[in-house]
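The values are calculated or read from the model by the stated rules, or taken from the named source; none is laboratory data. It should be emphasised that the depicted structure is a prediction, and the values quoted were computed from it without experimental measurement. For neighbour counting, all protein chains shown are included, and Cβ atoms are generated from backbone atoms with ideal geometry for every residue, glycine included.
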Ligand code: ATP
């Protein structure tokens, strides 16, 4: 079992010519934790990961591993001296090597591991142990071409953890797998992470992947960190328009605040939403971010509920466990996700409101 390394980036900047790919990134990845870097294409995720790996130097700022300076514009410790493992999108396996040979090669060439595993015999034993960790013990004689996508991914993972790295850096490692396998491999990676103890930094633009795996999310856009923290906090309490839209898929409702109570400007009837939990940014800007699953719909024809935001169902997507609705309001489109059983049809007029109703009581 490895002891994870603490990573600290201090005001990291990276320029490519005049283009500023990273703008003053200061973040910490605690030892042994799983951090996911999430953001749209081109926001700088890979650039940040590469700097952590020592593949290039920052233009400004510093990176520390367990308090030791590893990167600055003047100095960059090479990747092989950082005690890291890397897994990339393409897996980058060697076609002429068997599964076992991949792991043996990594054991032999990783600084310190040769001595630690006690020569050739010890290496064989350690390789067998690692193959068991990733569930490939029965495939050790196979070549990459004889493996499925998921099995190849496991080889890449086995090779990366063979060095017993303090840091495991992963760049979209599941993006070439199909949807079912991705979900299965998420569990595998988490299990290996738990069993192995390395600090993981995981780049993805897949929100579900990031939310379901990470202890900490770093949400980036255009080279800057927009918000960082535990996934649940980021999902339920986005602190900017970008994060509300990108992570929570939130409806940004305009209206007026009075204390902790919010009145949507399009609402009819006595509608007030409790906003005690809503971040200051939204109050200052006369908005309330409502996630699609927080909205309730009632038919506008229902005389008992003539209240809410009037809207018309524009499209209905049935997804089994829930149904996704797109609704036309006076000033734009609303998005609502309702549990199975909700039945509204295209063209139907409805009232939208915040759910659960208990929110009203406080206002
Ligand atoms: P994706 O999800 O598409 O992989 P990303 O968030 O990982 O995107 P990066 O690969 O970090 O994005 O790139 C950030 C920006 O820096 C992009 O605009 C990219 O074109 C630019 N960039 C990256 N590497 C270089 C380079 N070597 N030279 C010039 N520009 C670069």
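Quick notes on this one:
- Residues in segment 239-290 that are closer than 16 Å to residue 309 by Cβ, touching a helix residue (DSSP H, G or I) at 6+ places or on another chain (Cβ under 9 Å) and in a loop (DSSP other than H, G, I, E, B): 250, 270, 271, 272, 275.
- Test result for residue 70, within 17 Å of residue 12 (Cα to Cα), more than 12 Å from the ligand (Cβ to nearest atom) and in contact with a strand residue (DSSP E or B) (Cβ under 8 Å, 6 or more places away or on another chain): yes
- Residue match in segment 201-219 (condition: over 12 Å from the mean Cα position of the chain (by Cα), touching a residue at least 12 places away in the same chain (Cβ under 8 Å) and either under 30 Å from residue 278 (Cβ atoms) or part of a loop (DSSP other than H, G, I, E, B) (or both)): no
- Filter pass, residue 112 being within 11 Å of the ligand (Cβ to nearest atom) and at pLDDT below 95: no
- The sole residue among 168, 174 that is modelled with pLDDT under 90 and either in contact with a strand residue (DSSP E or B) (Cβ under 7 Å, 6 or more places away or on another chain) or within 16 Å of the ligand (Cβ to nearest atom) (or both) is 174.
- Spans of strands (runs of 3 or more DSSP E) in segment 1-65 with at least 2 residues assigned by TED's automatic domain parsing to the domain that holds residue 229 and within 12 Å of the ligand (Cβ to nearest atom): 7-16, 19-29, 34-38
- Some residue of segment 323-332 being at positive phi, part of a strand (DSSP E or B) and assigned by TED's automatic domain parsing to the domain that holds residue 269: no
- Subset of segment 81-107 [part of a helix (DSSP H, G or I) and in contact with a helix residue (DSSP H, G or I) (Cβ under 8 Å, 6 or more places away or on another chain)]: 99, 100, 102, 103, 104, 105, 106, 107
- For segment 280-301, the set of residues classified as without any contact (Cβ under 8 Å) to a residue 24 or more places away in the chain and over 25 Å from the mean Cα position of the chain (by Cα) consists of 284, 285, listed by residue number.
- Looking only at residues in segment 291-301 that are outside any strand (DSSP E or B) and under 12 Å from residue 348 (Cα atoms), the one that is modelled with the highest pLDDT is 300.
- Residue match in segment 215-225 (condition: touching a strand residue (DSSP E or B) at 6+ places or on another chain (Cβ under 9 Å) and within 17 Å of residue 89 (Cβ to Cβ)): no
- Residue satisfying condition, being under 18 Å from the mean Cα position of the chain (by Cα), touching a residue at least 24 places away in the same chain (Cβ under 8 Å), buried (at least 18 other Cβ atoms within 10 Å of the Cβ) and more than 22 Å from residue 66 (Cα to Cα), within set 22, 38, 49: 38
- Test result for residue 73, surrounded by fewer than 20 Cβ atoms within 10 Å (Cβ to Cβ), outside any strand (DSSP E or B), assigned by TED's automatic domain parsing to the domain that holds residue 202 and modelled with pLDDT under 95: no
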